[in-house]
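First the structure, in the form of C-alpha cells, and then the observations on it.
Read-outs: derived from the displayed coordinates by stated rules, not from any lab. Keep in mind it's a predicted model, so treat the numbers as computed, not measured. Quick reminder, even Gly has a Cβ in these numbers, built from the backbone with ideal geometry, and neighbours come from all protein chains shown.
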Amino acid sequence: MGNETISKSEMLDKIFDITHSLYSQMCVTADTTKNNHAEIFRLITELGSVIVNADRASFWKWEKDKHELWTTAAVGEERIIIPENTGLVGKALAQKTAIVTNDPYNCPDFNSDVDKKTGYVTKSIMVMPISNCKGEFIGVFQAINKLDEGGFDLEEDTRKLSLAAFICGIALESDTFLEDSLHDKLTKLKNRIAFHNDYARFKAEAEKSGEKKALFICDIDFFKKINDVNGHNAGDEALRHVSSTLAGSIRPTDGVYRWGGEEFIVILSNAELKDAADAAEAIRQKIMNSVCMFEQTEIKMTMSFGCTEIDFSLSAEDNIKSADEKLYTAMQTGRNRVIA
C-alpha cells in the first residue's frame, strides 16, 4: 500500500464502521462453541491503524510468567512470539512510554527478522504500552508504516492512538479474567467450567461431521498417602507432575481438565472407545514409570482409568457417570489399570 492521506470525514466513517462492528460483536448472543475474542482484538487493532493512518498494526500481549510477548492480533502476519526484553515492544514496556522510529533499519532495537522472512519493508514504527485498570502494563500496541509523508509524530500520534490502546487494555483485562476463571490455579489445566464450555463445542463438531469422540476419567491411586507421608506441598507437586504428563500426552484437538481433587478428565477428538483405552494405557504407563521429585524426595505414583465413548444424545453428566463407573471398577479391582 503506497502513501495516502485520507480526509477527516473518511477517517471518521472508517472509525464508525469498525466501532459498529465491535459493538455488534459484543452484542452477539453468547455461543459456547465459538470464541470471538480474536475477532474483537483484530477489530481493535484495525481501529488503531485507521486512527493513526498506518499500513498495519499489531497488539502484543505480555505473558509475564513466561517472560515473553506475543501478538493476539496482527494485520498481515501470523502470530509472533518474542522474549519480553527484546525489540521495540520490549523497550516500550521497559521504559513505560511510547516510542517512535521513522528509520527502523538504523535503530538498534528494531528486529528485522519478520521483514526478511516476508519481504515487507518497514519504514516507520510506533509502539505504545498498554495498562490495565490498576496501572499495570499488560501489553503493547504497535503501528507500522505511517501512510502520511514524514512518518509518525510521537506527541500527535500518541494522543490519537490512546483511544485504541485504552479499549485494548480493557478488552485484554477482560480476556485475562475469563481465561483465569477457566483454569485451575495449581495445575494450570482447564477446570470444570471450561469442560462444560468445551463439551458444547465438541458436541457441535460431532453433530456437524459425525466424528466420534471419547473420554476417560482418571484418579491418582492412594493420593491421600502422598499428602500424609510427604506433606501437602508434595501432594501439590504430584498434581502438577500428573497434569504436565496429561497435557503433554494429548493432541491439540483434545482437551484435558482437572475435575477436582486428584481426578482428571480427558476428551479425545476423532476417537472411539478403543482409542480412549489405548491413550489411557499409554498415560498409565508414563505415570507408573516416571518419578515426581519434591525437594530431595522421589515420589512414585500410579493411576486408575475409566473410559467411555461419548454418546451426545446423553448429557455430559451421564457420559461422565459412565466413565466414572468404570473408574470405580478399576479402583475396586486392584488400581493402576484401565477399564473400558
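Values computed for the structure shown
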| item | result |
| --- | --- |
| 3J(HN,Hα) from dihedral phi, region 197-207, Karplus parametrisation 6.51/-1.76/1.60, rounded to Hz, x for glycine, proline | 4, 5, 4, 4, 5, 4, 5, 4, 5, 5, 5 |
| Order of Ser313, Ser249 under a 10 Å beta carbon neighbour criterion, fewest first | Ser313, Ser249 |
| From phi via Karplus (6.51, -1.76, 1.60), per-residue ³J(HN,Hα) for region 316-326 in Hz, x at Gly/Pro | 4, 4, 5, 5, 5, 4, 4, 5, 5, 5, 6 |
| Proportion of all alpha-carbon pairs of region 232-329 beyond 22 Å (%) | 30 |
| Positive-pole candidate from Thr122, Thr329, Leu172, dipole of the chain, charges at beta carbon | Thr329 |
| Counting DSSP beta bridges with both ends in the chain, the antiparallel % (nearest 5) | 95 |
| Debye, to nearest 20: dipole size of the chain, +1 on Lys, Arg Cβ, -1 on Asp, Glu Cβ | 620 |
| Net charge dipole size for region 8-180 [Lys, Arg +1 and Asp, Glu -1 on Cβ; Debye, nearest 20] | 100 |
| Degrees between helix 273-289 axis and first principal axis of the chain (Cα, 0 to 90, nearest 10) | 90 |
| Ellipsoid equivalent to region 57-141 - semi-axes via the Cα gyration tensor, in Å | 21, 14, 11 |
| Exposure proxy order (Cβ contacts within 10 Å, fewest to most) of Val100, Val242 | Val100, Val242 |
| nm² value of the averaged projected area, convex hull over the Cα atoms of the chain | 21.2 |
| Order of His183, His196, His232 - criterion: other Cβ atoms within 10 Å of each residue's Cβ, fewest first | His232, His196, His183 |
| Dmax and Rg, reported as Rg then Dmax, of region 8-180 (C-alpha, Å) | 15.6, 49 |
| Spatial separation of Cα centroids for region 138-152 and region 213-292, in angstrom | 47 |
| Residue among Asn319, Asn230, Asn102 with the largest mean-square fluctuation in a Gaussian network model of the chain, springs linking Cα atoms under 10 Å | Asn230 |
| Farthest toward positive dipole pole in the chain [+1 Lys/Arg, -1 Asp/Glu at C-beta], among Gly87, Thr308, Leu186 | Thr308 |
| Extension gain from Lys185 to Glu263, taking 0.36 nm per residue of separation minus the Cα-Cα distance | 26.6 nm |
| Exceeding the 24 Å Cα-Cα cut-off - candidates Lys224/Lys326; Lys96/Lys116; Lys117/Lys146; Lys61/Lys286; Lys134/Lys160; Lys66/Lys212 | Lys96/Lys116; Lys61/Lys286; Lys66/Lys212 |
| Amide H contacts under 5 Å for Asp254, placed H, 5+ residues apart | Ser269 |
| 3J(HN,Hα) from dihedral phi, region 139-149, Karplus parametrisation 6.51/-1.76/1.60, rounded to Hz, x for glycine, proline | x, 9, 9, 10, 10, 10, 6, 4, 7, 7, 5 |
| Region 228-340, dipole about Cα centre (Lys/Arg Cβ +1, Asp/Glu Cβ -1), debye to the nearest 20 | 280 |
